[in-house]
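The values are calculated or read from the model by the stated rules, or taken from the named source; none is laboratory data. On a predicted model such as this, the values are computed, not experimentally measured, just so you know. Ideal geometry is used to build each Cβ from the backbone, glycine not excepted, and the neighbour counts take in all protein chains shown.
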Ligand SMILES: NC(=O)c1ccc[n+]([C@@H]2O[C@H](COP(=O)([O-])OP(=O)(O)OC[C@H]3O[C@@H](n4cnc5c(N)ncnc54)[C@H](OP(=O)(O)O)[C@@H]3O)[C@@H](O)[C@H]2O)c1
């Protein structure tokens, strides 16, 4: 048996190491004046990110499809302290759209935040291959095109490429077939790109953000009565993403315990799947 003194000492060292690695190194000044291009900024987590960036004094280009909503977000951003805000309407289901917002970046770019998603049903797979193709364009290919257009500008500023993904892009879950596929694709593409940037000694950081269920209107509406889990606040998720990008983290997990889940992902796959399925209501999907 381990003497209590030694056990306490070991526990203290582990707690100390965890506190060191998980300490908050975020410096809000690093965002003041930063030039940010933020997609999916008209609602949800993107809208909340726009407000946080504004409070930190960033210069922001917002993009989404709905101009009336973007106009309102822009006005609030200016009230909150953004140095400069523009918005541009772009529908990312069109292969030509991703270049549009990048053309606005005459003054340069420090943070590219890829966050938008196309609408997708939360239900059993119904064989709609065309929808999957469309969703791949919106959730994945447009991210690749935006990142490619912005990379030379980010390389100049030694900037950050922030990609918003989901737990379903690390561990597959029911009712999210096409969505999950687009998020796994993001991990594959951007993790491979991270290698290549490092090999080319390009100082552009890629931060992949893994989010759990967040209380945005869209997510709550879709999952109501279909999942047994509670949602986390969008404003907190938004701040976690911004901090991760600003501190040049490889990955951000929000809530934090998703990181443990992802580490244990492949240990007991059959039991894992049974546990995951127990959180979903099969009869209402
Ligand atoms: N909420 C969650 O539970 C949750 C969980 C895990 C990960 N996430 C991730 O977090 C990010 C934001 O999610 P959210 O819940 O905030 O979503 P949301 O509220 O539905 O917002 C989606 C944003 O994307 C824009 N958009 C939709 N279709 C578009 C298109 N075709 N072209 C351009 N923009 C388009 C929307 O604006 P318009 O309609 O005006 O275009 C809106 O600004 C996503 O990457 C999502 O995968 C969310």
Subject >> Pair list, Cβ under 6 Å, 6 or more apart: region 219-248 residue under 28 Å from residue 161 (Cβ atoms), other residue in a helix (DSSP H, G or I) and more than 10 Å from the ligand (Cβ to nearest atom) >> reply: 238/52; 239/52; 242/52; 246/30
**OP:** Within region 205-258, track down each residue that is closer than 21 Å to residue 51 by Cα, part of a strand (DSSP E or B) and within 12 Å of the ligand (Cβ to nearest atom).
**Re:** 208, 209, 210, 211, 214, 232, 252, 253, 254
Subject >> Complete set of residues in region 115-146 that are away from the ligand (no atom under 12 Å from the Cβ), surrounded by fewer than 14 Cβ atoms within 10 Å (Cβ to Cβ), in a loop (DSSP other than H, G, I, E, B) and at negative phi >> reply: 124, 125, 126
Original post:
Restricting the search to region 49-75, which residues are farther than 16 Å from residue 241 by Cβ, near the ligand (Cβ under 10 Å from one of its atoms) and assigned to a helix (DSSP H, G or I)?
Top reply: 67, 68, 69, 70, 73
**OP:** Looking only at region 86-114, count how many residues are assigned to a strand (DSSP E or B) and within 15 Å of the ligand (Cβ to nearest atom).
**Re:** 6
Original post:
If residue 199 satisfies every condition in (1) out of contact with any helix residue (DSSP H, G or I) (no Cβ under 7 Å at 6 or more places or on another chain); (2) surrounded by fewer than 16 Cβ atoms within 10 Å (Cβ to Cβ); (3) under 25 Å from residue 37 (Cβ atoms) but one, which is the exception?
Top reply: (3)
**OP:** Go over the candidates 242, 210 one by one and state the one that is at pLDDT 95 or above and closer than 23 Å to residue 278 by Cβ.
**Re:** 210
Original post:
Does any residue of region 78-85 turn out to be in a helix (DSSP H, G or I), near the ligand (Cβ under 8 Å from one of its atoms) and either more than 19 Å from the chain's Cα centre (by Cα) or at pLDDT below 95 (or both)?
Top reply: no
Original post:
Inside region 147-167, can you point out the residues that are buried (at least 18 other Cβ atoms within 10 Å of the Cβ) and away from the ligand (no atom under 12 Å from the Cβ)?
Top reply: 147, 150, 151, 153, 154, 159, 160, 161
Original post:
Looking at residue 80, is it under 23 Å from residue 51 (Cβ atoms), touching a strand residue (DSSP E or B) at 6+ places or on another chain (Cβ under 8 Å) and surrounded by 14 or more Cβ atoms within 10 Å (Cβ to Cβ)?
Top reply: no
**OP:** Tell me, please, whether a residue that is buried (at least 21 other Cβ atoms within 10 Å of the Cβ), more than 12 Å from the ligand (Cβ to nearest atom) and under 17 Å from the mean Cα position of the chain (by Cα) can be found in region 168-188.
**Re:** no
Original post:
Among all residue pairs at least 6 apart or on different chains, which show Cβ distances below 6 Å where the first residue, located in region 25-52, is touching a residue at least 24 places away in the same chain (Cβ under 8 Å) and under 22 Å from residue 218 (Cβ atoms) and the second is assigned to a helix (DSSP H, G or I) and more than 16 Å from the ligand (Cβ to nearest atom)?
Top reply: 51/80
Original post:
When you look at residue 207, is it touching a residue at least 40 places away in the same chain (Cβ under 8 Å) and under 21 Å from residue 45 (Cα atoms), yes or no?
Top reply: yes
